[in-house]
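The values are calculated or read from the model by the stated rules, or taken from the named source; none is laboratory data. Quick caveat, the model's predicted, so the values are computed rather than measured. In this analysis, Cβ positions are derived from the backbone assuming ideal geometry, glycine residues included, and neighbour counts consider all displayed protein chains. Note: areas computed on protein heavy atoms with side chains; ligands, DNA, RNA excluded. Shrake-Rupley method; radii C 1.70, N 1.55, O 1.52, S 1.80 Å.
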Amino acid sequence: MRIPCPYCGERDAHEFAILGDATLTRPDPAAPDAETRFHDYVYLRDNPAGAHEEWWYHANGCRQWLRVKRDTRTHAISGAVAARADATSPRDAA
Amino acid sequence: MRYSFLSLLANGLSGQSRWTPAWRDAAPKPAYDVIVVGGGGHGLATAYYLAKVHGIRNVAVLEKGVIGSGNAGRNTTIIRSNYVLPGNEPFYEWSMKLWEGLEQELNYNAMVSQRGILNLFHSDAQRDAYARRGNAMRLAGADSQLLDRKQVRAMYPFLDFDNARFPIQGGLLQARGGTARHDAVVWGYARGADRLGVDIVQNCEVTGFLREGDAIVGVETTRGAIRAGKVAVAVAGSSSRVAGMAGLRLPIESHVLQAFVSEGLKPLVDGVITFGAGHFYISQSDKGGLVFGGDVDGYNSYAQRGNLPIIEDVCESGMALMPRIGRLRLLRHWGGIMDMSMDGSPIIDRTPVPGFYLNAGWCYGGFKATPASGWCFAHLIARDAPHEVAGAFRLDRFRTGHLIDEKGVGAQPNLH
Amino acid sequence: MSAPNRNRLASGGLIDRSKPLAFSFDGTDYHGYQGDTLASALLANGVRLVGRSFKYHRPRGIFSAGAEEPNALVELRAGARREPNTRATVTELFDGLEATSQNRWPSLALDALSVNRFLSPFLGAGFYYKTFMWPASFWEKLYEPVIRRAAGLGRAAVEEDPDHYEKATTFCDVLVIGAGPAGLMAALAAGRSGARVILADEDFLPGGGLNAEAGDVDRQPAPAYAAQVTAELASLPNVRVMSRTSVFGAYDSGTYGALERVSDHLAVPAPFQPRQRLWRIVARRAVLAAGATERPIVFGGNDRPGVMLAGAVGTYVQRHAALPGQAMALFANNDGAWRGMLAASVAGAHVETIVDVRTDVAPALVAAAQARGIRVLTGAQVIATHGKTLRRIEVATATGRERIAADTLAVSGGWSPSVHLTCHHGGKPAWNETLAAFVPGTCPPGLTVAGAAKGLFGLGACLRDGAAIGAEAAQALGFAVPAPDLPDMADEAFALTPFWHVAGSKGASFVDLQNDVTAKDVGIAHKEGFRSVELLKRYTTLGMATDQGRTSNVTGLAIMASLTGASIPETGTTIFRPPYTPVSLGALAGHHRGKDFRPVRLTPTHEWARAQGAVFVETGAWLRAQYFPRPGEKDWLETVSREVTAVRSSVGLIDVSTFGKIDLQGSDVGAFLDRVYINGFAALAVGKARYGVMLREDGLVMDDGTTARLAPEHYVMTTTTANAAKVYQHLEFCLQALWPELDVSLASVSEQWAQIALAGPRARDVLARVADGDVSNAALPFMGAIEGSVMGGVKARLFRLSFSGELGFEIAVPARHGAALAQALMQAGAEFGITPYGTEALGVMRIEKGHVSGNELSGQTTAGDLGFGRMASTKKDYIGRTLAARPGLTDPDRPSFVGFKPVDRARRLRAGAHFLKLGAPPDMANDQGYMTSVAYSPHLGHWIGLGLIKRGPERLGEHVRAYDPVRGEEIEVEICAPGFIDPEGVRLRG
């Protein structure tokens, strides 16, 4: 599996570490139901069979966190963007 | 037909003409007391114990393909009860006890073979962790022995003791651990359940649930709607998808775990060995193939296949552990979809949806749990209360913080 | 030795008769020639019995001429290089080759377990599931050991594999898999376009089927044409021809696994050469031109040595000039097999009989056969065979039965395209009625199939299709492909009548030859309900042998379909898993074995420590000095106690460079640290360091360490050795994904700085002699952190930190100065008896001091469990705060961190012991926690421990049992506060 890193170009996935679902947002700790929200954020997953947006970290490369779009049925990767929007480059495949 | 020397003899003499189907290929009835979704080992064991222990025989097992074609037929066949946490160890030890009587109970030789499982350690800290584990096992009534380097060498002289990057210091041995023939476990439970009246319905995929108010009262399938008093789901690998149809999000991700088998060889590895300085475990099947595996690939996947980095990683560990296997060959590798839960431990529980019972989250450890999982899930379904050895496997433990995290890696499923 | 082989044709073939090669099989010496395989050389020497089958130990001969071989498996080479289960059919002959038959005892000719043949009526499919259950204990003791010894095939070497393996990665535009007619043309078309092409072929001679072809291509012999195309490919700078290279798997994103057999055709690898090389080939497009595999017809006695695939007969005769026998017959259902046998006859093979199940064979073929004196029986079937090796076949015709003399029976039931790689992404092959074969279905992205692999069975069609598919692959990538110059070839019509199994057979009819699965076994599976292809396979083991059912899967499926009355596609498809052919584990491991299994990280002072006599220990990837024994010390404990005592009484030093070091800069670092540590950092003053505890978002402790503020916007953090990478990754995630608005930049500087801890009451005296500036208590107070220099101008960071509980400093210098710093400290401390100490003494002192470490930071503990509850700020949010408040994590009953002393001070403590209340029976319900760390305290003169026990801090003074049955020990211990030495911290502030 090869990931199109916006900084480094296409690299084999073994250079990266994956964290999982990138569509989740860290809840507001001040919310009245913060504990429930944090539970959902930390533990619950849609876990789709199909399109999945996920965090990959280019540990053995540029050390940037990327949002990668990948199909969990086929492993086909349709794009990757840097976590920091302002850090995207023209090589961004997404 | 009961299997015996006599039945083999009679069939041998009659040109193998008298065998009958091991189980009926049933067509679904309109309604059952209990529907078990998932014709893997866990689902079939659940149905078997519902009928056998609880007398609930109006049961159907619905399988989307053929029975045993998911993880029950894709694992590395290891059985063991060498866990450390109080939420886990009594359950797995109960499973081990059920394994020990399984074949006589089912009249089916599942080749349950207690040739021992040895977890190697390579550092003082690992030794201490295994001592902690071995002591926990003893507290739960399981067997365990802490071996030193010399004792390990006596068991497996061909391991790399002398040139190793991470020298072997010793190992934790569970002599009662070992392997079982995975397919035969499926077939044995299927045959046993069938004989007690359970309908095993293959090629019947659940596509939705019948609802009455909040409650689930049956399933929609590719073979029509079927009503049920209770619907019990044991579909590891697809748990999120099936639970999703009932409106539930689960603390589970699906990951690929690869498994490997070599060409057939004369006896080489007697028991099960796990490497402590890398992700690698190995045993040898009765047919002679080395059966081995390692870590999950790490990414979410429903593809039942993995990639080269893990294949290489596993073989590197294999060669580091046993450098005599270099000229042996990998015959096949494949992948299974693991129900990786957020603390690495399973769920056997009721759910917020009335009528919907869940058995999920087995990570890469479901096979060894098959008998106890079926036993405890049947108990839960029949009595609406958890079995005492499975009381920690609650769905709400993530909310309450009563986690069962053997590895201590937290809510990152690919690290469990 | 150079006398002609018995069954060798006088001329022809692609062997070099001027290069004889000596070899032995089962101890008998033979010779073959350059260009032979082991199988062709054995046949040329008249060796027909080469192996025994898996279950019934039946005698078996060479069945094929390729990777599909089920029978001719040998142990190749001897001693540490023994390679079990090696296919003689793909083993390139080399001088001195040594091969031994396997799975037989005492000899191949007289095999004791061949008695299994007579038990075979009782040993049908799945018999073992129905017996061996009584009594239960006999399985492990009796039945299984016997089964295990009888099963298996060859024997693994006993010694370590002496050869080396390599791994390599390469990239190309078009990967062509297979160098047969389609593959050569595909590579040529793509290669001429300028695309970077790799042509990988498992054979040692490119050409595939062309090398066994009797006819001409492009007005020259087919093998010459193959050589000509290969030569052009080799001349193109953008094309790489990789022979002896099997592409074994199609993985994601166009990555293909391939195995190059660099040295397998040599007795031993050349110096500095690997035996094999694993390739990861990243290809933008791939063309699968893997050809097709012939399949047999199943009939009684079809496993007798002498029964062989018809195409294999053609290959041996045409390519190797080796005759499989002297009196040949053919049993077939298709025209292609006839043409091959006629060509073999022309080449000099004695073809005497052709039996065809069809009644409507083309008259021209019949006439051609008869013209060569071949007897033709159409509408006929072979029902049995006779002879120890084949002597006669028994044929049923419309008019009766007849025994016909034949020592070789060529069999052809049609061809199965080699679709294997198309299945590697889960694609299912599709059934083609005309070909009676599975053809490729959905392929992996970027892979297209050419030639026989997609069901084109004519040579001309394969050449044309290869060129077209190769051109298409290159064009899809933007390369302009010149018009190809294709040889003008017309193919003869494909004519085949599907026929699988001679129902009226006499004797066992084998479907899977290697695993001894018979047609009757398929019948048992049918009767017992194992009817879908997956169940059939698993129940009977059909297709599970080393050949992965290449010659048996489709036939087994067809026989099952005929029993159920369903069609073949309704019964199932055969899918293939990687690898395409078995791959040695050594190649997949490469050089990652022994000491090179994983890289070793050495500390900057490693050589210095070695010179000091250090014993090293693996700490993750690091090697660290564990202790420094001196002559006369009787064991490690004496050494470690001396080191501890030296530190506590004077001064010692240890390299702590392995700690993770993270540089943080920016205007928001304080705010950032506040969000990742449980305690406050925003108010940390410049020049000060602070201890911090970090949680995971689930509320459990991730790591601890100190962070120092060197300048208003410049901080440096240390992490534990074990968690260095994890913490860095976590912090980057927090910054990049959670709070990108924060002005913080991170850099891992673990490698850039050597760090040495100096501890003991004389530590300041030593440091003062090395440091260039003031290190007095005023200039560098406890938890102070300053930048300065040491050794007369070496940039340094000085921290007043203590892990040991003594007056302590950590001195960081650029890594290249680490060893010099150690030497300078040793020199400066000589008069105080400065002592280098290792990780063991460090551990003892931290346990004496009651600090947590890896054993306590288990990922299962909360800040509260470890006694950090009061450190946690209530005035800010931080990672993990919300979920740390869950009832399960705040339960006062949780095991919590305390110290332990043996009640009998002479007793030794053991980490991993569990705590039980005195008198409580040892069971899970009474489990109260466990001992995490122990040490012998030279200061106290007895063993001490740290551990987690339910409500620990409330139970100081209570006695409990430390229960350690795995070491046969049980000891009464007293719960105490975790600080065993200087709990007020007077020493470290001194």
Per-region count, segment C:592-622, residues part of a loop (DSSP other than H, G, I, E, B) and over 26 Å from C:Glu160 (Cα atoms): 6
Quick check on segment C:461-474. Is at least one of its residues charged (D, E, K, R), touching a helix residue (DSSP H, G or I) at 6+ places or on another chain (Cβ under 6 Å) and surrounded by 23 or more Cβ atoms within 10 Å (Cβ to Cβ)? yes
Among (1) more than 9 Å from chain C (Cβ to nearest Cβ); (2) in contact with a Gly (Cβ under 9 Å, 6 or more places away or on another chain); (3) not in a helix (DSSP H, G or I), B:Leu358 falls short only on (2)
Scope segment C:128-167; condition more than 7 Å from every other protein chain (Cβ to nearest Cβ), under 27 Å from B:Arg176 (Cα atoms) and outside any loop (DSSP other than H, G, I, E, B); matching residues: C:Phe138, C:Lys141, C:Leu142, C:Tyr143, C:Pro145, C:Val146, C:Ala150
So B:Ala243 clears everything in (1) outside any strand (DSSP E or B); (2) under 30 Å from C:Ala150 (Cα atoms); (3) open to solvent by less than 10 Å² (accessible area, probe 1.4 Å) except one condition, right? Which one? (2)
Please list, ordered by first then second residue, the pairs with beta carbon atoms under 6 Å, 6 or more apart or interchain, first in segment C:232-258 and crowded, with 23+ Cβ neighbours inside 10 Å, second of a type in the set (Asp, Glu). C:Thr245/C:Glu260; C:Ser246/C:Glu202
Residues to consider are B:Ala140, B:Ala129, B:Ala175, B:Ala180; find the one that is more than 9 Å from chain C (Cβ to nearest Cβ), modelled with pLDDT of 95 or more and open to solvent by 10 Å² or more (accessible area, probe 1.4 Å). B:Ala175
Name the residues in segment C:423-432 that are more than 14 Å from every other protein chain (Cβ to nearest Cβ) and in contact with a helix residue (DSSP H, G or I) (Cβ under 9 Å, 6 or more places away or on another chain), would you? C:Pro429, C:Ala430, C:Trp431
Pick from C:Pro206, C:Pro223, C:Pro181: which is within 30 Å of C:Ser101 (Cα to Cα), open to solvent by less than 60 Å² (accessible area, probe 1.4 Å) and over 23 Å from the mean Cα position of the chain (by Cα)? C:Pro206
Within segment A:43-50, is even one residue in contact with an Asp or Glu (Cβ under 7 Å, 6 or more places away or on another chain), open to solvent by 10 Å² or more (accessible area, probe 1.4 Å) and either away from chain B (no Cβ under 11 Å) or not charged (D, E, K, R) (or both)? no
For residues that are more than 10 Å from chain B (Cβ to nearest Cβ) and either among the β-branched types (Val, Ile, Thr) or surrounded by fewer than 13 Cβ atoms within 10 Å (Cβ to Cβ) (or both), tally how many sit in segment C:918-933. 2
Which ones in segment C:168-195 are in contact with a Leu (Cβ under 9 Å, 6 or more places away or on another chain) and within 14 Å of chain B (Cβ to nearest Cβ)? C:Ala168
Here are the criteria: (1) crowded, with 24+ Cβ neighbours inside 10 Å; (2) among the aliphatic types (A, V, I, L, M); (3) outside any strand (DSSP E or B). Tell me which single one C:Val74 does not satisfy. (3)
Being open to solvent by less than 10 Å² (accessible area, probe 1.4 Å), within 14 Å of chain A (Cβ to nearest Cβ) and touching a residue at least 40 places away in the same chain (Cβ under 8 Å): is that true of C:Ile281 here? yes
Could you identify the single residue in C:Arg690, C:Arg601 that is under 27 Å from B:Gln169 (Cβ atoms), open to solvent by 10 Å² or more (accessible area, probe 1.4 Å), among the basic types (Lys, Arg) and touching a strand residue (DSSP E or B) at 6+ places or on another chain (Cβ under 7 Å)? C:Arg601
Would you please name the residue that is least open to solvent (accessible area, probe 1.4 Å), looking only at residues in segment B:8-27 that are in contact (Cβ under 8 Å) with a residue 40 or more places away in the chain and more than 7 Å from chain C (Cβ to nearest Cβ)? B:Ala26
From C:Ala785, C:Ala822, C:Ala796, C:Ala828, grab the single residue that is open to solvent by less than 10 Å² (accessible area, probe 1.4 Å), out of contact with any Pro (no Cβ under 9 Å at 6 or more places or on another chain) and not β-branched (Val, Ile, Thr). C:Ala785
Scanning segment B:279-301 residue by residue, those open to solvent by less than 20 Å² (accessible area, probe 1.4 Å) and within 12 Å of chain C (Cβ to nearest Cβ) turn out to be B:Phe280, B:Ile282, B:Ser283, B:Gln284, B:Gly288, B:Gly289, B:Leu290, B:Phe292, B:Gly294, B:Tyr299, B:Ser301
Wholly within segment C:518-590, helices (runs of 4 or more DSSP H) carrying at least 2 residues that are farther than 23 Å from C:Lys428 by Cβ, touching a Leu at 6+ places or on another chain (Cβ under 8 Å) and open to solvent by less than 20 Å² (accessible area, probe 1.4 Å): C:519-527, C:585-589
From the option list B:Lys407, B:Lys368, single residue qualifying as open to solvent by 30 Å² or more (accessible area, probe 1.4 Å), touching a residue at least 60 places away in the same chain (Cβ under 8 Å) and not in a strand (DSSP E or B) is B:Lys407
Of the residues that sit in segment B:385-404 and are among the charged types (D, E, K, R) and open to solvent by 10 Å² or more (accessible area, probe 1.4 Å), which one is nearest to the other protein chains (Cβ to nearest Cβ)? B:Arg399
Can you tell me which residue is farthest from C:Ser509 (Cα to Cα) among those in segment C:548-593 that are among the basic types (Lys, Arg) and within 11 Å of chain B (Cβ to nearest Cβ)? C:Arg593
Leading residue by the ranking (farthest from C:Ser137 (Cα to Cα)) among those in segment B:76-102 that are more than 16 Å from the chain's Cα centre (by Cα) and open to solvent by less than 20 Å² (accessible area, probe 1.4 Å): B:Gly87
Answer yes if at least one residue in segment C:715-726 is surrounded by fewer than 23 Cβ atoms within 10 Å (Cβ to Cβ), in a strand (DSSP E or B) and not β-branched (Val, Ile, Thr), and no otherwise. no
Where residues in segment C:954-985 are within 16 Å of C:Gly929 (Cβ to Cβ), part of a loop (DSSP other than H, G, I, E, B) and out of contact with any Gly (no Cβ under 7 Å at 6 or more places or on another chain), which of them is most open to solvent (accessible area, probe 1.4 Å)? C:Leu956
Restricting attention to segment B:228-245, does a residue exist that is within 14 Å of chain A (Cβ to nearest Cβ), over 22 Å from the mean Cα position of the chain (by Cα), of a type in the set (A, V, I, L, M) and within 30 Å of B:Ser301 (Cα to Cα)? yes
